[in-house]
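Asks: Quick one: this structure, given as structure tokens, is what I'll be asking you about.
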Amino acid sequence: MKKIQAIRGMNDLLPADSPLWQYVESVVTDILARYAYQEIRFPIVEATELFKRSIGEVTDIVEKEMYTFEDRNGDSLTLRPEGTACCVRACEENGLLYNQTQRLWYMGPMFRHERPQKGRYRQFHQIGVETFGIQGPDIDAEVLVLSARILRDLGVAEHVRLQINSLGSADARAAYKQALVAYLDGVKDQLDEDSKRRLDTNPLRILDSKDVNTQRLLDAAPVLLDYLDEVSREHFEGLKSLLNAAGVAYQVNPRLVRGLDYYGKTAFEWVTDKLGSQSTVCAGGRYDGLVEQLGGKPTPAVGFGIGLERLVLLLQAAEVVPDGLDQQTDIYLVAVGDVQPQAIKFAERIRDELPFVRLMVNCGGGNFKTQLKRADKSGAEMALILGEDEVKSDKVGIKFLRDELEQQLLSFDEAIVYLQSLE
Ligand code: ATP
Ligand code: MG
């Protein structure tokens, strides 16, 4: 029979790799706690309208990347392609944005129907940060300082650089769009196909084009920063001086834009040279208009998303994966003969009194030799040995599997004290 396979671009995370993911997730979530950010969880499926209204109808995501389907009621639902819109929906619906500030994070899978390649998948995972209710550049600086600490503590600081830009107010962007389109119209026949199409739909995204020739044409194009409104300019200057004060290095990239329509003022990306063209590890910015756009009161907001697959790939490429992450078993309990009741009881006692020990109990029988082989394969440092003789004399054997130490025979109490002395 033909075996059923996973959906293209959607990956399994196997036991050999999950310790690295757990390590990355715990480093990040520990840091988030130290900045007093709180976790929020929301569904993986939302009304399609939520994404259309927030991300924008003429963005790549909404035009061609969403997993949209009709459920049995005939409602149009979409697997979330990103978390910001969901987070805003959840906060609004639960009254978290009324007269208060929020500093939030979430973690989980996102879905986009893109061409799968290294660092680009159809189910991928993000840790996202969203803050609400704070207008000034101090909070922009805070989320950037936080993201810098994440990358530093994971050991990849020297492989990433921070790029920042200001997208200005909606009016400033509109004025700039006009100037950009006027210029690009004059060189239209030299643009790549994607950019030609975007000229009518989403011209700012042309700045982001990977096409070398288009990039060369952009060298002579009007520059977004020259069109900034006064408020955005001051905000951007404020952010830069706070980053300077915090010692976070950055480059101003006047062509940095985001693929989602809700961003304004600050935009930023952490990029790396180590992952080919999938170079953005973390991306975000300010989206002061989104809450109102989704039906709430005007609420300033800034956030970012980290792509976890890319972050893990970066740790591997930079060779900064810590040793010893995959230690699974410390102790293997060998139970030979009719001793299951004593084995299960003693194992629970060890787990009560030695909560940090990873103890695996032999299941499925087997003679002494078979069980010892399993103990060795488990990676355990030592085997506890419980046979009928041991049980009769109320004792347990301790056999060292990696060191040249002599085997011991101890009472259950002595064994517990001995194991505790090793911790
Ligand atoms: P890109 O320009 O690389 O397509 P993006 O601008 O579409 O990224 P965002 O929507 O800002 O990305 O998402 C934030 C982060 O999530 C990205 O910087 C990246 O690390 C990660 N990411 C986005 N799309 C994917 C994907 N298809 N597979 C894996 N990671 C992704
Ligand atoms: Mg994208």
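None of the figures in this text is laboratory data; all of them are computed from the coordinates on show. Note that the structure is predicted; figures quoted are calculated from it, not measured. No Cβ is skipped: glycine too gets one built from the backbone with ideal geometry, and neighbour counts run over all protein chains shown.
Asks: Please give the Cα centre distance for segment 303-332 versus segment 42-104, rounded to the nearest Å.
Replies: Cα centres, segment 303-332 to segment 42-104: 30 Å.
Asks: Go through segment 204-216 residue by residue and turn each phi into a ³J(HN,Hα) via Karplus (6.51, -1.76, 1.60, θ = phi - 60°); whole Hz please, and just put x for glycine and proline.
Replies: 4, 5, 4, 4, 8, 4, 8, 6, 4, 5, 4, 4, 5
Asks: Rounded, prolate or oblate for segment 369-423? Axes are the square roots of the Cα gyration tensor eigenvalues, ordered a ≥ b ≥ c, and the cut-off for rounded is a/c under 1.5.
Replies: Oblate, because a/c is 1.5 or more while a/b does not exceed b/c.
Asks: Rounded, prolate or oblate: which fits segment 134-227 when a ≥ b ≥ c are the square roots of the eigenvalues of the alpha-carbon gyration tensor, with rounded for a/c under 1.5 and prolate only if a/b beats b/c?
Replies: Details: a/c = 3.20, a/b = 1.70, b/c = 1.89.
It comes out oblate by the Cα gyration axes.
Asks: R0 = 45 Å: FRET efficiency of Lys297 with Arg197, Cβ-based, nearest 0.05?
Replies: Numbers: r = 36 Å, r/R0 = 0.80.
Here the calculated transfer efficiency is 0.80.
Asks: Could you grab the relative contact order for segment 187-296? Cα pairs under 8 Å, six or more apart, rounded to a whole percent.
Replies: On the way: 89 pairs, mean separation 21.3, N = 110.
19 percent.
Asks: Compute the angle between helix 137-153 and the longest alpha-carbon principal axis of the chain, please, reported from 0 to 90 degrees and rounded to the nearest 10.
Replies: 40
Asks: Amide H to amide H, which residues 5 or more places from Ile134 or on other chains are under 5 Å from it, using H placed in the peptide plane?
Replies: Sorted by chain and number, the residues that satisfy this come to none at all.
Asks: Distances over 41 Å make up what percent of all Cα-Cα pairs in the chain? Intermediate values should be presented prior to the final figure.
Replies: Values: 29563 of 89253 pairs.
Looking at the chain, the distances longer than 41 Å represent 33 percent of pairs.
Asks: Report ³J(HN,Hα) in whole Hz for each residue of segment 111-117, in order, from the Karplus equation J = 6.51 cos²θ - 1.76 cosθ + 1.60 where θ = phi - 60°; Gly and Pro get x.
Replies: 10, 9, 7, 10, 6, x, 7
Asks: To continue, here is another question. Can you list residues whose amide H is under 5 Å from Met66's amide H, if they're 5+ apart or on another chain and H is modeled 1.01 Å from N?
Replies: The list, which skips near neighbours in sequence, is His113.
Asks: Shifting gears a bit: How much of the DSSP bridge set in the chain is antiparallel, in percent, rounded to the nearest 5?
Replies: On the way: 50 of 62 bridges.
The antiparallel fraction comes to roughly 80 percent.
Asks: Report the FRET efficiency, 1/(1 + (r/R0)^6), for Ala246 and Lys210, where r is their Cβ-Cβ distance and R0 is 30 Å, rounded to 0.05. Don't skip to the answer; put the middle values down first.
Replies: Numbers: r = 32 Å, r/R0 = 1.05.
Efficiency, rounded to the nearest 0.05: 0.45.
Asks: Relative contact order of the chain: what whole-number percent is it, with Cα pairs under 8 angstrom and at least 6 residues apart?
Replies: On the way: 708 pairs, mean separation 63.4, N = 423.
Once normalised by length, the contact order is 15 percent.
Asks: Related question: Counting other Cβ atoms within 10 Å, which chymotrypsin sites (Phe, Trp or Tyr not before Pro) in segment 344-403 have at most 13 and lie in a DSSP loop? Let's see the in-between values first.
Replies: Numbers: sites: Phe346, Phe356, Phe368, Phe400; in loops: Phe356.
Sparse-neighbourhood loop chymotrypsin sites (Phe, Trp or Tyr not before Pro): Phe356.
Asks: Using DSSP to call loops (not H, G, I, E or B), can you name the trypsin sites (Lys or Arg not before Pro) in segment 84-184 whose Cβ has at most 16 other Cβ atoms within 10 angstrom? Provide the component values of the computation, followed by the final result.
Replies: Details: sites: Arg89, Arg103, Arg112, Lys118, Arg120, Arg122, Arg149, Arg152, Arg161, Arg173, Lys177; in loops: Arg112, Lys118, Arg122.
For trypsin sites (Lys or Arg not before Pro) across segment 84-184 that sit outside H, G, I, E and B with at most 16 neighbouring Cβ atoms in 10 Å, the list reads Lys118.
Asks: Let me ask something else about it. What pairs from Lys2/Lys373; Lys3/Lys52; Lys345/Lys399; Lys52/Lys210; Lys64/Lys210 go past 29 Å between their alpha carbons?
Replies: Numbers: Lys2/Lys373 35 Å; Lys3/Lys52 37 Å; Lys345/Lys399 20 Å; Lys52/Lys210 25 Å; Lys64/Lys210 19 Å.
The pairs that break the limit, which is 29 Å between Cα atoms, are Lys2/Lys373; Lys3/Lys52.
Asks: Hey, another quick one. So which lysines can Lys240 reach, going by Cα to Cα under 22 Å and dropping same-chain residues fewer than 8 places off?
Replies: Lys265
Asks: Whole-Hz ³J(HN,Hα) for each residue in segment 182-188, computed from phi via Karplus 6.51 cos²θ - 1.76 cosθ + 1.60 with θ = phi - 60°, x for glycine and proline: what do you get?
Replies: With the stated coefficients, segment 182-188 comes to 4, 5, 5, 4, x, 10, 3 Hz.
Asks: Taking Cα atoms, how many degrees apart are the long axis of helix 340-353 and the longest axis of the chain, rounded to 10 and kept between 0 and 90?
Replies: For helix 340-353, the angle is close to 50 degrees.
Asks: Another question about this same structure. What is the calculated FRET efficiency for Gln178 to Val45, with r their C-beta to C-beta distance and R₀ = 45 Å, to the nearest 0.05?
Replies: On the way: r = 39 Å, r/R0 = 0.86.
With R0 = 45 Å, the Cβ-Cβ based efficiency is 0.70.
Asks: Once both axes come from the Cα atoms, what is the angle between helix 412-422 and the longest principal axis of the chain, in degrees from 0 to 90, rounded to 10?
Replies: Between the helix axis and the principal axis of the chain, the angle is about 40 degrees.
Asks: Enumerate the amide H contacts of Leu333 below 5 Å, restricted to partners 5 or more residues apart or on another chain; note that Pro and chain-start residues carry no placed amide H.
Replies: Met360, Val361, Asn362, Leu384
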